[in-house]
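Structure, as structure tokens:
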Amino acid sequence: MFSFGVLRIYWYGFFIVLGVFLGLLVVLFLAKKYRIEKNDILDLSFYLFVFGVIGARVYDIFLEWQYYLKHPLDTLKIWEGGLAIHGGILAGILVIYFFIKKKKIKGLVGQSLLEKFFSLSSLVVVGVSLGQTIGRWGNYFNQELFGRPTNVAWGIYIDPINRPLEYLYSSWFHPTFLYESIGCLIIFLILISCHWIFLKKKKNGFKSNVLIVSLYLILYSVLRFSLEFVRIDFAPTFLGWRWPQIMSLLLILITIWFNIKIHFQEKLKYINKNNYEK
């Protein structure tokens with residue numbers, strides 16, 4: 001982006017930080033509506049950012065371990081890209097879980113750890129979806145994560161040095177980063193609209209929070225699963241499926257299973273309550 005003496009600012013890092021900053025502002029706005037302390041959100045955001053980046057990097061290294069075994073110093077070059085969102089999501093889940101377990105946060109819905117987890121996570125996923133919307137533009141400046149060759153008007157030119165060998169003589173490629181950015185923007189608008197509706201109707205409860213988190217996990221997983229058919233960057237495969245597709249399917253299945261489990265648990269509680277009153 002620019003350099004000043006030994007200081008160098010990269011486009012990739014700029015968009016990551018911008019995405020985190022704007023995502024944090026949205027979470028703080030929602031937290032105020034739910035009367036959750038600003039300092040609690042700021043503390044959580046610090047841990048989410050640090051361990052989210054670490055998790056995303058470690059996950060990416062795991063996917064391309066053969067390359068990093070040959071180039072171990074490249075594991076530190078996060079300004080060149082290489083942050084896998086699934087690793088960030090997994091790290092984020094652990095951070096929120098331990099943060100709630102360790103610290104008492106006023107304003108969270110529910111008494112149990114699970115209820116508080118979803119109460120806080122329903123805010124975080126809104127910020128994450130906005131952060132992804134903006135952060136993906138760093139891939140454009142790094143000329144990475146583009147798709148197959150194309151003749152569409154919105155195709156992007158990729159320098160020969162950044163093209164895979166099998167596509168060396170192709171010039172224009174699908175901007176899959178842009179597709180994902182637009183998809184994440186739509187997800188963000190859906191999630192924040194859900195919060196707005198629940199706030200107006202005063203229906204902020206466990207089910208509402210589970211719905212918001214589930215919407216993020218399912219919608220993003222469907223988006224990512226679909227885009228993998230167009231992307232041509234390296235990814236391990238299993239039974240013909242790219243690894244991000246397998247992770248996306250797992251997230252969808254786990255989310256659906258969890259919602260079914262919650263539904264039947266709530267139904268069972270309702271039946272037991274009625275029987276007790278009778």
- Message: Within the stretch 45-59, does at least one residue satisfy the condition of being closer than 20 Å to His195 by Cβ and crowded, with 18+ Cβ neighbours inside 10 Å?
- Response: yes
- Restricting the stretch 235-261 to residues that are touching a helix residue (DSSP H, G or I) at 6+ places or on another chain (Cβ under 6 Å) and β-branched (Val, Ile, Thr), the residue that is farthest from Gly82 (Cα to Cα): Thr255
- Message: Out of everything in the stretch 161-177 that is in contact with a strand residue (DSSP E or B) (Cβ under 8 Å, 6 or more places away or on another chain) and part of a helix (DSSP H, G or I), what residue ends up being surrounded by the fewest Cβ atoms within 10 Å (Cβ to Cβ)?
- Response: Tyr167
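Residues to consider are Glu115, Glu180; find the one that is in contact (Cβ under 8 Å) with a residue 24 or more places away in the chain and either crowded, with 18+ Cβ neighbours inside 10 Å or aromatic (Phe, Trp, Tyr) (or both). If you could, list the steps in order and put the result at the bottom.
Details: Glu115 fails: either crowded, with 18+ Cβ neighbours inside 10 Å or aromatic (Phe, Trp, Tyr) (or both).
Selected residue: Glu180, the only one of Glu115, Glu180 that is in contact (Cβ under 8 Å) with a residue 24 or more places away in the chain and either crowded, with 18+ Cβ neighbours inside 10 Å or aromatic (Phe, Trp, Tyr) (or both).
Ile41: assigned to a helix (DSSP H, G or I), among the β-branched types (Val, Ile, Thr) and closer than 15 Å to Val124 by Cβ, yes or no?
On the way: assigned to a helix (DSSP H, G or I): yes; among the β-branched types (Val, Ile, Thr): yes; closer than 15 Å to Val124 by Cβ: yes.
Answer is yes for this residue.
Checking the condition among the small types (Gly, Ala, Ser), in contact (Cβ under 8 Å) with a residue 40 or more places away in the chain and out of contact with any His (no Cβ under 6 Å at 6 or more places or on another chain), which residue from Gly52, Gly5 passes?
Working: Gly5 fails: in contact (Cβ under 8 Å) with a residue 40 or more places away in the chain.
Testing whether each residue is among the small types (Gly, Ala, Ser), in contact (Cβ under 8 Å) with a residue 40 or more places away in the chain and out of contact with any His (no Cβ under 6 Å at 6 or more places or on another chain) leaves just Gly52.
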- For the subset of the stretch 120-160 comprising residues that are touching a residue at least 40 places away in the same chain (Cβ under 8 Å) and not in a helix (DSSP H, G or I), which member is surrounded by the fewest Cβ atoms within 10 Å (Cβ to Cβ)? Arg148
- For the subset of the stretch 154-170 comprising residues that are of a type in the set (A, V, I, L, M) and under 27 Å from the mean Cα position of the chain (by Cα), which member is nearest to Asp233 (Cα to Cα)? Ile158
- Query: So, of the residues in the stretch 1-34 that are aromatic (Phe, Trp, Tyr) and assigned to a strand (DSSP E or B), which turns out to be nearest to Gln143 (Cα to Cα)?
  - Reply: Phe2
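Quick one: is Ser45 in contact with a strand residue (DSSP E or B) (Cβ under 9 Å, 6 or more places away or on another chain) and either hydroxyl-bearing (Ser, Thr, Tyr) or more than 25 Å from Gln143 (Cβ to Cβ) (or both)?
On the way: in contact with a strand residue (DSSP E or B) (Cβ under 9 Å, 6 or more places away or on another chain): no; either hydroxyl-bearing (Ser, Thr, Tyr) or more than 25 Å from Gln143 (Cβ to Cβ) (or both): yes.
For Ser45, the condition - in contact with a strand residue (DSSP E or B) (Cβ under 9 Å, 6 or more places away or on another chain) and either hydroxyl-bearing (Ser, Thr, Tyr) or more than 25 Å from Gln143 (Cβ to Cβ) (or both) - is not met.
Out of the residues in the stretch 212-249 that are assigned to a helix (DSSP H, G or I) and free of Cβ contacts under 8 Å to residues at least 24 places away in the same chain, which is surrounded by the fewest Cβ atoms within 10 Å (Cβ to Cβ)? Talk me through it step by step, then tell me what you get.
Of the stretch 212-249, the ones assigned to a helix (DSSP H, G or I) are 212-227, 243-249.
Narrowing further to those that are free of Cβ contacts under 8 Å to residues at least 24 places away in the same chain: 226, 245-246.
Values: Ser226: 14, Gln245: 20, Ile246: 18.
The residue in question is Ser226.
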- Query: From the residues in the stretch 51-107 that are acidic (Asp, Glu) and part of a helix (DSSP H, G or I), which one is modelled with the highest pLDDT?
  - Reply: Asp60
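The values are calculated or read from the model by the stated rules, or taken from the named source; none is laboratory data. Computed from a predicted structure; not experimentally measured. A quick note on method: Cβ atoms are made from the backbone with ideal geometry, for glycine too, and the neighbour counts reach across all protein chains shown.
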